[in-house]
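In what follows, a single structure is set out as structure tokens and then discussed.
The values are calculated or read from the model by the stated rules, or taken from the named source; none is laboratory data. Bear in mind the structure is a predicted one, so any value in this text is a computation, not a measurement. No Cβ is skipped: glycine too gets one built from the backbone with ideal geometry, and neighbour counts run over all protein chains shown. These area figures cover heavy atoms from the full protein model, side chains too; ligands, DNA and RNA do not enter into them. Shrake-Rupley method; radii C 1.70, N 1.55, O 1.52, S 1.80 Å.
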Amino acid sequence: MKLSEWLKATKTKKSVFADRIGVSPSTVTRLCDGSLMPNVETAHRAWAETGGAVTPNDFYGFVIIKAASDGSGGNSQNGKV
């Protein structure tokens, strides 16, 4: 979940969240709009403050891809070899 989505869903003001994680409100704004990537400490604080709803990955947008379970190592072509 993106931080902006969590703030909206929980009706938490950016300034309140900023105080809780020890950053400025402008930093929270920049984290929400993607113009700033958090350092490890800030990402951890955001994760903890949101109860794990916002993960460090949510700031970076990595996609988790599950490995194929058909033994092909993820290179399956509809059963064709």
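Output the number of residues of the range 31-48 satisfying the condition of being surrounded by 13 or more Cβ atoms within 10 Å (Cβ to Cβ), assigned to a helix (DSSP H, G or I) and of a type in the set (A, V, I, L, M, F, W, C).
So the count comes out to 5.
Here are the criteria: (1) more than 15 Å from Thr12 (Cα to Cα); (2) free of Cβ contacts under 8 Å to residues at least 40 places away in the same chain. Tell me which single one Asp58 does not satisfy.
Tallying (1) more than 15 Å from Thr12 (Cα to Cα); (2) free of Cβ contacts under 8 Å to residues at least 40 places away in the same chain, Asp58 fails exactly one: (2).
Which pairs have Cβ atoms under 7 Å, sit 6 or more apart or on different chains, and link a residue in the range 35-50 that is touching a residue at least 12 places away in the same chain (Cβ under 8 Å) and closer than 18 Å to Lys8 by Cα to one that is open to solvent by 70 Å² or more (accessible area, probe 1.4 Å) and not in a loop (DSSP other than H, G, I, E, B)?
Every condition considered, the pairs that remain are Glu49/Arg20.
Considering (1) under 13 Å from the mean Cα position of the chain (by Cα); (2) aliphatic (A, V, I, L, M); (3) closer than 14 Å to Ser4 by Cβ, say which one Ala48 fails and leave the rest.
So Ala48 meets the others, but not (3).
Looking at the range 10-20, which of its residues are surrounded by 17 or more Cβ atoms within 10 Å (Cβ to Cβ) and either aromatic (Phe, Trp, Tyr) or in contact (Cβ under 8 Å) with a residue 12 or more places away in the chain (or both)?
Across the range 10-20, the qualifying residues are Lys14, Phe17.
Go through Val23, Val28 for me and flag whichever is surrounded by 12 or more Cβ atoms within 10 Å (Cβ to Cβ), without any contact (Cβ under 8 Å) to a residue 60 or more places away in the chain and part of a loop (DSSP other than H, G, I, E, B).
One residue alone meets the criteria, Val23.
I'd like the full set of residues that are at pLDDT 95 or above, open to solvent by 60 Å² or more (accessible area, probe 1.4 Å) and part of a loop (DSSP other than H, G, I, E, B), limited to the range 49-71.
Gly51
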